[in-house]
Amino acid sequence: MLYAAPEIDITGLSDEQEANVRAYLSLSSEACDAPSWKIKRLSKQAPLQVQNALRALGYYHPQITKNLSWQNDCWEALFAIEPGPPVIIDSIDIQVLGPGANELFFSEILQQFSIKVGDTVNHAEYEKFKKSLKNRADAKGYFDNYFALKQLSVDIDTNTALIQLHFQTGKRYYISRIDIEKNALTTDFTGKYLTVKTGQAYDRAKIFESHQLLDASDYFKNVDFKYLQDQVQDYQAPLNIKLTNLPRHVMSAGVGYDTDLGFRLSAGYKNRYLNESGHRFISDLNLSLKKSNLMFEYVMPLSNPLKDRLSFFAGATYENTIYVDNQTAELGVRLSNRLYGQLVFAEQLKFVFERFRNSTVDPYQTSFLLVPGIKLSNVRSTKKGMYLEGYKYMFEVNGAHRSVGSSVSFIQPKWYTKVSYPTFYGGCLIAKIDLGATGVDNFADLPTSYRFYAGGGESIRGYDYKSIGPRNASGAVVGGRYLITSSLEYEQRVYENWSMAAFVDAGDAFNNVISMKFGVGLGVRWYSIVGPVRLDLAVPTDDFGDVHVHFSLSTAL
């Protein structure tokens with residue numbers, strides 16, 4: 001059933017003027033069934049409300065004609081308004097006075113003042129500028145600020161106005177000391193996250209930045225800063241920081257399935273506070289019948305704990321698929337430096353032991369490697385509906401030499417990029433590229449973990465997991481020196497958290513001559529509360545009858 005709504009018809013005004021008048025009119029909030037006595041009373045008040053609305057925009061001489069009537073069980077109000085001539089600003093006198101008069105941030109506020117001589121008076125802009133001056137002074141520690149003179153004088157006979165603002169800053173306040181309440185970490189370590197220091201002038205932006213850094217540290221559940229003005233002495237007061245620690249122990253578990261590796265189980269443990277200096281211990285376990293790994297890492301934050309860290313790690317990996325059979329153990333040290341945002345540069349040195357073979361008929365080989373490496377990585381993403389918009393990339397170089405404790409000499413650069421871009425009408429375009437190259441003195445001695453393979457749900461769909469690569473005389477895939485794979489996918493939302501996808505993948509793992517393989521297909525995506533569920537049907541372009549199903553599901557417990 002549809003209900004009639006009252007009509008308020010306003011003529012003679014610009015869009016801005018009409019919008020302001022409607023905002024001032026009390027009639028605007030009344031319904032058809034409002035008592036007639038109330039509507040009549042509000043109608044009598046309307047001319048004054050119209051005048052106030054137009055004065056706020058610089059029009060002091062409006063001519064107002066109104067009419068109120070009832071039709072079809074509802075009231076109707078008509079306003080014919082002539083706003084009259086505007087009031088023009090013919091003089092502006094704005095001064096910042098006192099100890100902070102020469103501060104750059106006050107000069108910036110004055111430069112941003114948008115009202116000029118010759119403009120029509122706008123009371124909202126005038127009040128906004130006054131507020132911005134006081135806010136800036138408060139944010140920079142000039143707490144005793146006040147307006148020695150503030151007026152917007154209007155001469156309604158000449159339709160001119162004068163603005164006079166004389167702003168006294170008062171003295172600036174400083175931080176006498178920083179008191180960090182006791183928590184699981186030392187005061188010295190916690191202080192490394194602070195951009196504000198003892199003796200500095202109060203600056204709300206720096207305090208907020210310190211708050212953000214502590215909040216992002218993954219040590220604290222609550223962060224509270226308080227400048228204790230009630231303890232001020234000679235314009236100096238302490239800054240108190242109260243921190244509530246996150247739980248020391250964190251455990252996680254998950255289950256999943258994909259067609260490449262089968263059912264998967266995962267578990268993780270993290271100790272945030274091994275000691276008062278913020279050292280951490282992290283372990284992760286991933287289990288499946290075809291590939292499993294276990295990792296331990298001891299993390300030591302350095303002088304800038306949000307950007308620099310030194311870690312010692314150890315791990316073991318087991319993989320036994322149709323084309324890969326290896327067991328790997330590694331022990332190493334890594335120095336990571338966050339350069340900007342999420343851009344991280346890492347240097348590492350690790351000792352690797354690997355036992356591997358290329359097929360069930362081949363004997364196992366054993367390899368010992370001392371592998372130095374560098375890595376540059378970055379990721380930026382934002383949530384857009386059910387999709388992510390952003391990119392990530394990774395460039396790394398690893399190598400080893402026989403003369404330095406290794407069974408083989410090689411150097412291997414790798415590059416990976418992924419871009420996700422939501423389009424119009426619930427679509428999303430996803431592109432990936434994966435490149436690698438290896439220079440090696442004897443390829444037969446290179447462990448399988450450093451060889452390149454292609455194929456599978458995360459590589460070239462339409463082919464089995466790691467089924468693409470050079471083969472030996474018995475037909476087993478032995479991996480290649482070089483890798484190039486790429487993928488282009490388009491997703492289209494079809495219903496709530498469901499989408500359809502179409503994709504084409506291409507690439508090869510090879511030694512000397514590249515032979516590009518292509519896979520095309522369609523897929524379904526469900527963006528569940530615990531993560532995406534993906535189902536793809538793909539075929540190689542050289543055999544459309546060879547249909548491959550790629551399914552992926554992961555769930556955190």
Step by step: first the residues of the range 91-104, then only those that are over 13 Å from PHE167 (Cβ atoms) and exposed (fewer than 15 other Cβ atoms within 10 Å of the Cβ), then the one that is farthest from the chain's Cα centre (by Cα). Which residue is that?
SER91
Just to be sure I understand the filter: pairs with C-beta atoms under 7 Å, separated by 6 or more residues or on different chains, first member in the range 108-135 and on the phi > 0 side of the Ramachandran plot and surrounded by fewer than 16 Cβ atoms within 10 Å (Cβ to Cβ), second member of a type outside the set (S, T, N, Q) and not in a helix (DSSP H, G or I). Which pairs pass?
GLY118/ILE88; GLY118/ILE89
Which condition number in (1) in contact with a Lys or Arg (Cβ under 7 Å, 6 or more places away or on another chain); (2) among the charged types (D, E, K, R); (3) at pLDDT 95 or above is the one that ARG338 fails?
(3)
Given the conditions (1) more than 43 Å from the chain's Cα centre (by Cα); (2) acidic (Asp, Glu); (3) exposed (fewer than 14 other Cβ atoms within 10 Å of the Cβ); (4) modelled with pLDDT under 95, which single one is not true for GLU30?
(3)
Out of (1) touching a residue at least 60 places away in the same chain (Cβ under 8 Å); (2) crowded, with 22+ Cβ neighbours inside 10 Å; (3) under 26 Å from PHE353 (Cα atoms), the odd one out for ASP445 is which?
(2)
For the condition modelled with pLDDT of 90 or more and surrounded by fewer than 16 Cβ atoms within 10 Å (Cβ to Cβ), what is the one hit in VAL530, VAL494, VAL504?
VAL494
Listed by range, strands (runs of 3 or more DSSP E) wholly within the range 206-274 having at least 2 residues that are within 16 Å of GLY141 (Cα to Cα) are 220-227, 236-245
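Would you mind finding the one in GLY475, GLY456 that is in a loop (DSSP other than H, G, I, E, B), assigned by TED's automatic domain parsing to the domain that holds GLU354, touching a Phe, Trp or Tyr at 6+ places or on another chain (Cβ under 7 Å) and farther than 16 Å from ALA431 by Cα?
On the way: GLY475 fails: touching a Phe, Trp or Tyr at 6+ places or on another chain (Cβ under 7 Å).
Testing whether each residue is in a loop (DSSP other than H, G, I, E, B), assigned by TED's automatic domain parsing to the domain that holds GLU354, touching a Phe, Trp or Tyr at 6+ places or on another chain (Cβ under 7 Å) and farther than 16 Å from ALA431 by Cα leaves just GLY456.
Would you check if there is a residue in the range 76-84 being more than 25 Å from GLU16 (Cβ to Cβ), without any contact (Cβ under 8 Å) to a residue 40 or more places away in the chain and not aliphatic (A, V, I, L, M)? Outline the logic, then answer.
Start the filter on the range 76-84 by keeping residues that are more than 25 Å from GLU16 (Cβ to Cβ), which leaves none.
Scanning the range 76-84, I find no residue that is more than 25 Å from GLU16 (Cβ to Cβ), without any contact (Cβ under 8 Å) to a residue 40 or more places away in the chain and not aliphatic (A, V, I, L, M), so the answer is no.
Among ALA346, ALA267, ALA316, ALA329, which is crowded, with 16+ Cβ neighbours inside 10 Å, modelled with pLDDT of 95 or more and farther than 22 Å from ASN222 by Cα? Explain how you work it out, then say what you get.
Details: ALA267 fails: crowded, with 16+ Cβ neighbours inside 10 Å; ALA316 fails: crowded, with 16+ Cβ neighbours inside 10 Å; ALA329 fails: crowded, with 16+ Cβ neighbours inside 10 Å.
From the options ALA346, ALA267, ALA316, ALA329, the qualifying one is ALA346.
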How many residues are over 29 Å from PRO372 (Cβ atoms), of a type in the set (A, V, I, L, M, F, W, C) and under 37 Å from the mean Cα position of the chain (by Cα) when one looks only at the range 432-486?
2
Working only within the range 137-185, note down all residues that are surrounded by 15 or more Cβ atoms within 10 Å (Cβ to Cβ) and of a type in the set (S, T, N, Q).
ASN145, ASN159, THR160, GLN164, GLN168, THR169, SER176, ASN183
Any idea which residue in the range 336-363 is farthest from ASN293 (Cα to Cα), counting only those that are touching a residue at least 12 places away in the same chain (Cβ under 8 Å) and part of a loop (DSSP other than H, G, I, E, B)?
GLY341
Please work out which residue is surrounded by the fewest Cβ atoms within 10 Å (Cβ to Cβ), limiting yourself to the range 376-410 and to residues that are outside any strand (DSSP E or B) and among the small types (Gly, Ala, Ser).
SER403
Here the qualifying pairs (Cβ atoms under 6 Å; residues six or more apart or on different chains; first in the range 393-406 and without any contact (Cβ under 8 Å) to a residue 40 or more places away in the chain; second of a type in the set (Lys, Arg) and buried (at least 16 other Cβ atoms within 10 Å of the Cβ)) come out as GLU396/LYS375; GLU396/LYS414
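Going residue by residue through the range 239-261, is there one that turns out to be closer than 20 Å to LEU214 by Cβ, crowded, with 18+ Cβ neighbours inside 10 Å and more than 29 Å from the chain's Cα centre (by Cα)? So that I can check it myself, show each step before the final result.
Our first condition is that a residue be closer than 20 Å to LEU214 by Cβ; within the range 239-261, this holds for 239-248, 250.
Remaining after also requiring crowded, with 18+ Cβ neighbours inside 10 Å: 239, 241, 243.
Within this subset, residues satisfying the condition of being more than 29 Å from the chain's Cα centre (by Cα) are 239.
Looking through the range 239-261, at least one residue is closer than 20 Å to LEU214 by Cβ, crowded, with 18+ Cβ neighbours inside 10 Å and more than 29 Å from the chain's Cα centre (by Cα).
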PRO305 being surrounded by fewer than 17 Cβ atoms within 10 Å (Cβ to Cβ) and on the phi < 0 side of the Ramachandran plot:
no
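Given the criteria among the charged types (D, E, K, R), under 33 Å from the mean Cα position of the chain (by Cα) and at pLDDT below 95, does GLU489 qualify? Walk me through how you get there before you give the answer.
Values: among the charged types (D, E, K, R): yes; under 33 Å from the mean Cα position of the chain (by Cα): yes; at pLDDT below 95: no.
No, not satisfied.
The values are calculated or read from the model by the stated rules, or taken from the named source; none is laboratory data. In this text, all values refer to a predicted model and were calculated from it rather than measured experimentally. A quick note on method: Cβ atoms are made from the backbone with ideal geometry, for glycine too, and the neighbour counts reach across all protein chains shown.
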